[in-house]
Amino acid sequence: MVPRTYNSEGIILSRRSFSEADRILSVFSREKGRTSLMAKGVRKLKSRKRGSIEVFSEVKYSAARGKSLDIMTEVEIIDSYQGIRKSLKKVSVAYFYMETVGRLSGEDEKNEALYKLLKRYLKKLSSTKRLKEERERFIKETLTLLGYWPKGRPIHNADRILEEIAEKELFSVRVGKKMIT
């Protein structure tokens, strides 16, 4: 029998408001891949979980299985990547990473290698000044890892290829390109 509650670590890819006080989070974890979780009451001013569920934060969380969405019961920050949050350009690249992983990964598809890649690039982004090169390398490594691009072959227009694979224009591509060029 599957246990009702579970613990995991993950990176928050996105969040959206739901009802008056709740949020739906998209979390990419090592064990479960991309999952959607309901964070109840986090939009209330006195919520203790409120500061822990920022996008591209690495968190340790507990969740209970729900009928349609799992419900996040506890959350603790592992790394909030403050080095990224100090620069608007780095924030735009981090959002691009989150959107790329969110679009290319399936719901509940475990991919530990992609999780490690995302974590590695967030750590690099905290200290690097070469944002354009890091962004291009991230696209190439992600597409290669997921099997969309042959290993060792150069990519000339990575954004166009990424949009063709995702079958949708990524919002953060437009913003990120303008910020780092």
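The values are calculated or read from the model by the stated rules, or taken from the named source; none is laboratory data. Every value quoted in this text rests on a predicted model; they were computed, and no experiment measured them. Methodologically, a virtual Cβ is constructed for each residue, glycine included, from the backbone with ideal geometry; neighbour enumeration extends over all protein chains shown.
Out of Val75, Val91, Val101, one residue alone is within 18 Å of the chain's Cα centre (by Cα), crowded, with 16+ Cβ neighbours inside 10 Å and free of Cβ contacts under 8 Å to residues at least 24 places away in the same chain. It is Val91.
Among strands (runs of 3 or more DSSP E) entirely within the stretch 33-127, having at least 3 residues that are small (Gly, Ala, Ser) and assigned by TED's automatic domain parsing to the domain that holds Gly10 singles out 33-39, 58-64.
Taking the conditions exactly as written (surrounded by fewer than 21 Cβ atoms within 10 Å (Cβ to Cβ) and either at pLDDT 90 or above or at positive phi (or both)), does Lys60 satisfy them or not? So Lys60 fits the description; yes. Applying the condition of being among the acidic types (Asp, Glu) and free of Cβ contacts under 8 Å to residues at least 40 places away in the same chain to the stretch 20-34 and asking which residue is surrounded by the most Cβ atoms within 10 Å (Cβ to Cβ) yields Asp22. Here Ser8 meets the list (1) buried (at least 18 other Cβ atoms within 10 Å of the Cβ); (2) in a strand (DSSP E or B); (3) not aliphatic (A, V, I, L, M) almost entirely, failing just condition (1).
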